[in-house]
Amino acid sequence: MREDVIKPLGLTVTEAAKRLRVTRKTLSALINCKASMSPEMAVRIGKATKTSPESWLFMQAKVDLWFAEKESPVIQEFGEVAVA
C-alpha cells in the first residue's frame, strides 16, 4: 500500500487515512503489517484507487500465507490413507 499507492501519489499516511475515512493509527497498523486488511478496508482502498477490493484481499492473503509458512513448525505428512 505504501509503495504502490501512498508514495507514488505523494500522500502522507495522515492524508491517505483522511481520504479513506479511517484513523491514521488504523492505516499505519495495516501498512506496517500490525493488522490485516479487512474486507471493509479493501472496499475503501478499491474505491479510492479505482481497483478491485478482491485484488487487495488477494495481496493480503499472500502476505498472510508468507508469514504463516515462515512461522510454521515442522509437520509430519499423513502419508497414504487406507480407504475402507
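What follows draws every value from the coordinates through simple rules; no lab data is involved. Keep in mind that what you see is a predicted model, and the values were worked out from it rather than measured. Neighbour counts run over all protein chains shown; Cβ positions are idealised from the backbone, glycine included.
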> What list of ³J(HN,Hα) values in whole Hz, one per residue of the range 44-58 in order, does the Karplus curve 6.51 cos²θ - 1.76 cosθ + 1.60 (θ = phi - 60°) give from phi, with Gly and Pro shown as x?
Replying inline: 4, 5, x, 5, 5, 9, 6, 10, 7, x, 4, 5, 6, 5, 5
>> Charges on Cβ only, +1 for Lys and Arg, -1 for Asp and Glu, centred on the Cα centroid of the chain; of Met1, Ile75, Ser55, which one is farthest towards the dipole's positive end?
In response: Met1
>> Suppose every Lys and Arg Cβ carries +1 and every Asp and Glu Cβ carries -1, with no other charges. What dipole size does the range 2-71 come out with about its Cα centre, to the nearest 20 debye?
In response: 440 debye
> What FRET efficiency, computed as 1/(1 + (r/R0)^6) with R0 = 30 Å and r the Cβ-Cβ distance, is obtained for Leu20 and Ile75, rounded to the nearest 0.05?
Replying inline: 0.20
> When N counts the residues of the chain, how does its alpha-carbon radius of gyration compare numerically with 2.2 N^0.38 Å, as a ratio?
Replying inline: 1.49
> Can you pull out the trypsin sites (Lys or Arg not before Pro) in the range 27-68 that DSSP calls coil and that have at most 16 other Cβ atoms within 10 Å?
Replying inline: Lys34, Lys50
> With no solvent and one point on each alpha carbon, what is the Debye value of log10 I(q)/I(0) for the range 1-42 at q = 0.25, 0.29 Å⁻¹?
Replying inline: -0.87, -1.14
>> Could you compute the net charge surrounding Met59? Neighbours are other residues with a C-beta less than 14 Å from the C-beta of Met59; K and R count +1, D and E count -1.
In response: -2
